[in-house]
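Contents: one structure, followed by commentary.
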Amino acid sequence: MIRRPSKMPSKKPNILQRRVTGAVKPSEEYHATDNATKKENKSSSMPKNQKKSLKVSAETYKDMKVLKTIEHVSFDYEIIQLLIDQYYKDMTEEQQRRYTVLRENM
């Protein structure tokens with residue numbers, strides 16, 4: 001005698017049947033614009049001297065470290081500014097005017 005399974009519903013609870021839509025309610029609503037404003041505020045609070053990066057060769061960086069030691073300067077941007085100032089002093093008046101015009105228009 002072959003016993004066929006009966007068509008009676010199973011007594012085991014089905015997890016998918018028990019699931020209620022919206023059972024877990026969020027404590028706060030999600031606002032996509034909040035994330036964008038946080039990123040904008042973060043970038044604007046960054047100090048002005050840290051907004052750009054400059055890649056130089058290892059040899060140039062070594063030379064900068066030596067100049068920083070000689071000049072008793074702590075930061076790379078300070079020694080770069082000293083080098084620019086020295087270069088500017090060595091320019092002719094015409095070159096200085098051209099440099100100033102180009103710098104103001106960038």
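Annotations
- Per-residue 3J(HN,Hα) values for region 61-69, derived from phi via the Karplus relation 6.51 cos²θ - 1.76 cosθ + 1.60 with θ = phi - 60°, read 5, 4, 4, 5, 5, 5, 5, 4, 5 Hz in sequence order (x marks Gly and Pro).
- Across region 91-102, coupling constants 3J(HN,Hα) worked out from phi with the 6.51/-1.76/1.60 Karplus curve, θ = phi - 60°, read 6, 6, 4, 5, 5, 5, 4, 4, 4, 5, 5, 4 Hz, and Gly and Pro carry x.
- The Stokes-Einstein estimate for region 47-103, based on a Kirkwood radius over Cα pairs and taken at 4 °C with 1.567 mPa s viscosity, is a diffusion coefficient of 100 µm²/s.
- Of the listed residues 90, 76, the order by accessible area with a 1.4 Å probe, largest first, is 90, 76.
The values are calculated or read from the model by the stated rules, or taken from the named source; none is laboratory data. Computed from a predicted model, the values in this text were never measured in an experiment. With ligands, DNA and RNA removed, areas are computed over all heavy atoms of the protein, side chains included. Shrake-Rupley method; radii C 1.70, N 1.55, O 1.52, S 1.80 Å.
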